[in-house]
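*Asks:* Sharing a structure here in structure tokens format.
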Amino acid sequence: MTDLRDYVLSRWTSLDAHKKVLGLTNSFLKYLAKIRMDIRYSNFSICLELARSVKERKMITQRIVTLKDISNVLAYIKKAYEDGSLDEYRYQHYTAFILFGAYTGTEEYGYYLKINSWAINSALGSEKPVLLVKSSQDKIRMEHYVPIHPGIVDLL
């Protein structure tokens, strides 16, 4: 087992590869212990353990949307409306869409597609407009509330 561990660590440089190969080997040892009814196979897994590593601290992504980016998109939408490329309905729809994302901080497009008009009308009908996002609509499957900024209530 030590030879196998040394081979894996020298053959691949990626920590993910180390975890994958040694994890599969560990699973195989557990399987052998079950089918042969010999606990000694499980004892070999100690030889395959990796030292704990310090998690890498990730830098802030370059994909952050800035106020300037939002202003540029809104200006483009307004220009298209003034040029006649967009009708008033689409102009209001796109503007509301961009402002909703900007004010709430939601990050993914699929999130918007899963929100229906009933949920928005329900949110707007409450004293303090908050949108209930169900677990089935969220990428991390967690139900939560998203406050709606007063500046976009009329657009919605």
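*Asks:* Ignoring everything except DSSP H segments at least 4 long, calculate the 222 nm mean residue ellipticity for the chain; use -39,500 (n - 2.57) per segment, divide by total residues, nearest 500.
*Replies:* -17000 deg cm²/dmol
*Asks:* If you don't mind, there's one more thing I want to ask. Rg and Dmax in Å for the chain, alpha carbons only: what are they?
*Replies:* Rg then Dmax for the chain, in Å: 26.5, 78.
*Asks:* Which one of 23, 101, 125 has the biggest mean-square fluctuation once the chain is modelled by GNM with Cα springs under 10 Å?
*Replies:* It is 23.
*Asks:* Under unit Cβ charges (Lys, Arg +1; Asp, Glu -1), what dipole magnitude, rounded to 20 debye, does the range 67-153 have relative to its Cα centre?
*Replies:* Dipole about the Cα centre, nearest 20: 180 debye.
*Asks:* Compute the long axis of helix 2-11 from its Cα atoms, compare it with the longest principal axis of the Cα atoms of the chain, and write down the angle in degrees, 0 to 90, nearest 10.
*Replies:* 40
A short reminder: the numbers here are calculations on the coordinates, not readings from a lab. Treat the numbers as computed from the prediction; the structure is a model and nothing was measured. Neighbour counts are summed over all protein chains in view; Cβ atoms, including those assigned to glycine, are modelled from backbone coordinates with ideal geometry.
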